[in-house]
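Just below is one structure, and these are the notes that go with it.
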Amino acid sequence: MSNSSIVDYTKLSPHCTRPRNGKIRGISIHTMAGPGSVEGCGAVFQTSEASAHYGIGPDGRVGQYVREEDRAWCCEDPVDHQVVTIEVSSIQAYCEPYACTQAAYRRLIDLCVDICRRNGIPALRWQEGKEHCPAFTGDWDTCNLVPHRYTTKKGKSCPGNYLLARYGAIAEEVNRRLKGEEEPMDIHQLLEEITEEEAYRLWQKAQRHADALPEPPWSQEEGHWARGEALGLVDGTGPERPMKRDEVLAVLGRLGVL
């Protein structure tokens with residue numbers, strides 16, 4: 001068995017069973033029940049008698065705590081021998097819905113795809129309800145995603161309502177990528193999810209593209225750009241670049257309006 005190549009941080013836990021007793025047939029996605037980092041999660045697994053194979057922090061970084069050839073102590077059930085377990089950092093601490101950041105969610109998809117590809121899992125399948133859980137049915141063809149709340153006797157809500165409600169969407173996106181299909185771009189969702197830093201980087205990229213565009217023929221025919229350059233209103237570069245407010249005021253100042 002191999003391990004993921006997208007891991008950013010490794011801190012192996014002593015709390016595991018070496019080797020696992022069974023083939024990897026599915027995935028179990030958990031919540032950290034708080035905004036923990038991959039380093040913090042790794043530290044917990046050094047002392048607490050629990051562990052997971054991987055953890056994902058709010059920044060989307062991936063930590064590894066147990067090798068896939070070994071059993072992590074995560075689901076409180078022998079089903080641990082047949083799954084790869086992933087702890088995902090949550091925004092809320094010890095309260096529902098245990099939502100995660102978009103960076104963590106995107107990396108979760110990446111990690112699930114990677115796990116499936118390396119372990120020969122052709123698709124992720126999800127059927128809600130304990131009666132469908134392979135920990136009890138042994139039927140991995142019907143469902144191979146295992147929520148912790150189904151296998152614990154301690155009344156835990158793990159992975160939390162946020163991630164559990166997205167088990168189906170996670171399986172759908174992972175399967176699309178396993179088939180080599182590209183997801184149709186959802187502009188509305190993209191605008192909702194994009195961070196200010198990402199938006200600024202896109203704006204800078206658009207600026208660089210506009211800077212490289214030549215003056216269009218209609219502008220050359222009218223000659224206003226050439227006259228503005230001759231008067232020192234523009235420096236002759238980036239005729240297609242949008243004007244910023246300070247540049248607009250600079251032009252007005254050069255014209256004597258201000």
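Scanning residues 5 or more positions from His30 or on other chains, those with amide H under 5 Å from its amide H are Ile86, Glu87, Val88, with H placed 1.01 Å from N in the peptide plane. The distance linking region 1-64 with region 107-128 is 16 Å (Cα centroid to Cα centroid, whole angstrom). What a 1.4 Å probe finds exposed on the chain is 52% carbon and sulfur by accessible area, rounded to a whole percent. Judged by the mean number of other Cβ atoms found within 10 Å, the most tightly packed of the peptides 78-89, 129-140, 55-66, 206-217 leads the ranking 78-89, 55-66, 129-140, 206-217.
Per q in 0.15 1/Å, what log10 I(q)/I(0) does a Debye calculation on the alpha-carbon atoms of the chain return? Taken in order of the listed q values, log10 I(q)/I(0) reads -1.01. Tell me whether region 77-167 comes out rounded, prolate or oblate; compute the Cα gyration tensor, take square roots of the eigenvalues as a ≥ b ≥ c, and use a/c under 1.5 as the rounded threshold. Cα axes put region 77-167 in the oblate bin.
Note on Lys130 and Tyr9: their simple-model spin labels are 3.5 nm apart, each label 7 Å out from Cα toward Cβ.
For the chain, a crude dipole built from +1 on the beta carbon of Lys and Arg and -1 on the beta carbon of Asp and Glu, taken about the Cα centre, is about 1000 debye to the nearest 20. Taking the charge dipole of region 116-258 about its Cα centre, with +1 at Lys and Arg Cβ atoms and -1 at Asp and Glu Cβ atoms, the residue from Leu258, Leu233, Ala212 reaching farthest to the positive side is Ala212.
Looking at region 1-76, the accessible area is 41 square angstrom per residue; that uses a 1.4 Å probe and ignores ligands, DNA and RNA. Relative to the Cα centre, the charge distribution of region 203-258, modelled as +1 at Lys and Arg Cβ and -1 at Asp and Glu Cβ, gives a dipole magnitude of about 260 debye. In the chain, helical runs assigned H by DSSP with n ≥ 4 each contribute -39500 (n - 2.57); averaged across all residues and rounded to the nearest 500, the mean residue ellipticity at 222 nm is -11000 deg cm²/dmol.
The values are calculated or read from the model by the stated rules, or taken from the named source; none is laboratory data. These numbers were taken from a predicted model, which means no experiment stands behind them. Note that we place each Cβ from the backbone using ideal geometry, even for glycine, and neighbour counts take in every protein chain shown. Heads up: the accessible areas ignore ligands, DNA and RNA and are worked out on the full protein's heavy atoms, side chains in. Shrake-Rupley method; radii C 1.70, N 1.55, O 1.52, S 1.80 Å.
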